[in-house]
Amino acid sequence: MNMHSVLLYGCAAVVVVPGIRLLTTLAVKDREEMPPPLALLRAWRRPVPRVAAGLVATMVVLGVAQEVFPVMIEALERHPHGAWWRAVTALMVQSSGWSQLLFNLAALAVVAPVAERQFGPWRMLLVFATSGVTAQAVSMAGWSLQGGGDSVAICGLVGALAVWYAARGGVAALRLVALLIPVAGLVLCLLSNNHGVGLLVGGALGVGLAAPAHPPLVRDSA
């Protein structure tokens, strides 16, 4: 395994491990301790985050459609010298097949509802779209000329949550650990990996979301 691969796997671990801890903390809040799988399901409690649910449902439909009509992938993914609009449509297909499709759907189902509860539905969607489209555009500019997937947009949500929590969170140790996520994004950018762009753009948006002293825009009914 070369140094490039070591750094990629290391950055993935830095994003995933603190990310799961951060998402668990935000999903459960002041409730009793729960193992991560159960804690993350708390984000889907009532009132159900509707935009997150709609986003997950849309990606499920698109995922099924690309398996039934594989031509969708070539029609929508990034291409060398492709039209600018592919920076948007590349988020709608998973060019690496079932493994990428299932992983990204699972990640979106975990991250999106937590982000919606913290930022509100339309701000969550703004972070997702801005991070994802920017990462796809950078890829089209030379980093990775062909492909597609929404993992870069999901990284944007994780990056925004990490920076937001570091600025406004409660647990000091977790705030410090959360800052490792944008650091991993910077390293990924140095490796010309588009997930780093998603993390950093999301982190930058997270700074803005942390500035107003407003409570979360989606409130619990209990």
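For region 47-88, residues that are under 16 Å from VAL138 (Cα atoms) and touching a Lys or Arg at 6+ places or on another chain (Cβ under 9 Å) total 5. There is no residue in region 120-137 that is part of a helix (DSSP H, G or I), more than 21 Å from LEU179 (Cβ to Cβ), without any contact (Cβ under 8 Å) to a residue 24 or more places away in the chain and more than 12 Å from the chain's Cα centre (by Cα).
Here VAL177 qualifies as at pLDDT below 95 and either outside any helix (DSSP H, G or I) or out of contact with any Gly (no Cβ under 6 Å at 6 or more places or on another chain) (or both). Here ARG42 meets the list (1) more than 22 Å from ALA173 (Cβ to Cβ); (2) modelled with pLDDT under 90; (3) part of a helix (DSSP H, G or I) almost entirely, failing just condition (1). Taking the criterion of being closer than 15 Å to ALA153 by Cα, loosely packed, with under 15 Cβ neighbours inside 10 Å and of a type in the set (A, V, I, L, M), no residue of region 47-78 qualifies.
For ALA141, are the conditions met, namely being over 19 Å from GLY208 (Cβ atoms), part of a helix (DSSP H, G or I), in contact (Cβ under 8 Å) with a residue 40 or more places away in the chain and of a type in the set (Gly, Ala, Ser)? Considered against the rule, which asks whether it is over 19 Å from GLY208 (Cβ atoms), part of a helix (DSSP H, G or I), in contact (Cβ under 8 Å) with a residue 40 or more places away in the chain and of a type in the set (Gly, Ala, Ser), ALA141 comes out as no.
The residue of region 187-197 that is surrounded by the fewest Cβ atoms within 10 Å (Cβ to Cβ), among those that are outside any helix (DSSP H, G or I) and of a type in the set (S, T, N, Q), is SER192.
To keep it simple, each residue is scored yes or no on (1) more than 24 Å from SER5 (Cβ to Cβ); (2) among the β-branched types (Val, Ile, Thr); (3) in a loop (DSSP other than H, G, I, E, B).
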{"site": "CYS155", "(1), (2), (3)": "no, no, no"}
{"site": "TRP164", "(1), (2), (3)": "yes, no, no"}
{"site": "ILE181", "(1), (2), (3)": "no, yes, no"}
{"site": "GLY185", "(1), (2), (3)": "no, no, no"}
{"site": "LEU199", "(1), (2), (3)": "no, no, no"}
{"site": "VAL207", "(1), (2), (3)": "yes, yes, no"}
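For region 119-177, a residue qualifies if it is among the hydroxyl-bearing types (Ser, Thr, Tyr) and either closer than 21 Å to HIS81 by Cα or crowded, with 20+ Cβ neighbours inside 10 Å (or both), and the qualifying residues are SER131, THR134, SER139, SER144, SER151, TYR165.
The values are calculated or read from the model by the stated rules, or taken from the named source; none is laboratory data. All figures in this text were calculated on a predicted structure; none of them were measured in a lab. Glycine gets a Cβ as well: all are built from the backbone with ideal geometry, and neighbour counts include every protein chain shown.
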